[in-house]
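Rule-based calculations on the coordinates, nothing more; no lab input. None of the values given here were measured: they were computed from a predicted structure. Please note: Cβ atoms are built from the backbone with ideal geometry, for glycine as well, and neighbour counts cover all protein chains shown.
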Amino acid sequence: MLETGIRGRASCPVTQNNTAAAMGSGALPVLATPAVAALVEEAAWKSVQPFLAQGQGTVGTLLRLNHTAATPLGGAVTAETELTAIDRRRLVFRFTVRDAAGPVADGEHERFVVDTGKFLAKAAARGKAE
C-alpha cells in the first residue's frame with residue numbers, strides 16, 4: 001500500500017556518456033542536468049513500484065529541478081527521494097542529489113499511477129495518428 005514517507009535511492013558514476021557534452025545539454029564534460037533528472041526518476045519509480053498492484057506502473061509528469069553544482073568526470077552522484085503526498089493517482093516526491101563534495105541538486109517530482117496496458121495502448125494509438 002502506498003504511504004507517504006516511502007524513500008528511494010539511485011546512484012551513478014559520471015562517465016563520458018552522461019556528460020552535458022555527450023547528452024547535448026551543454027559543451028562541458030560534467031554531469032548533465034538530463035542525467036540528474038533521469039536518476040531522480042529512477043529513484044522515485046523504483047521506490048513505489050513494489051507497492052503497486054500487478055499491471056500498474058508510474059509515469060513522470062513534472063520535475064522541478066535545481067541543479068546547483070557540477071560533478072566532474074570520475075565522480076559519482078546519489079539521488080534520494082521521499083514520497084511526500086498522494087492525491088488519488090498523483091504522487092509527489094521531494095528529492096536531493098549529492099556527490100562526495102555535497103549537494104548537487106534538489107527539487108520536486110510528480111508521477112502518476114497508470115494501468116500499464118491502457119497506457120501503452122493509448123501511446124500506440126498516438127503513434128498511428130501520425
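Semi-axes of the equivalent ellipsoid for the chain, computed as √(5λ) from the eigenvalues of its C-alpha gyration tensor and ordered from largest down, come to 28, 20, 11 Å. In the chain, the longest principal axis of the Cα atoms and the axis of helix 33-48 are about 40 degrees apart. Once each part is reduced to its C-alpha centroid, what is the distance from segment 54-106 to segment 1-33 in angstrom? Cα centres, segment 54-106 to segment 1-33: 9 Å. Helix 116-128 and the longest principal axis of the Cα set of the chain meet at an angle near 80°.
The residues packed around His67, meaning those with a beta-carbon under 13 Å from its beta-carbon, carry a net charge of 0 if Lys and Arg are +1 and Asp and Glu are -1.
Computed over the chain with a Gaussian network model linking Cα atoms closer than 10 Å, the most mobile of Ala53, Ala44, Ala32 is Ala53.
When the Gaussian network model of the chain links Cα atoms closer than 10 Å, the mean-square fluctuations of Thr78, Thr33, Thr116 top out at Thr116.
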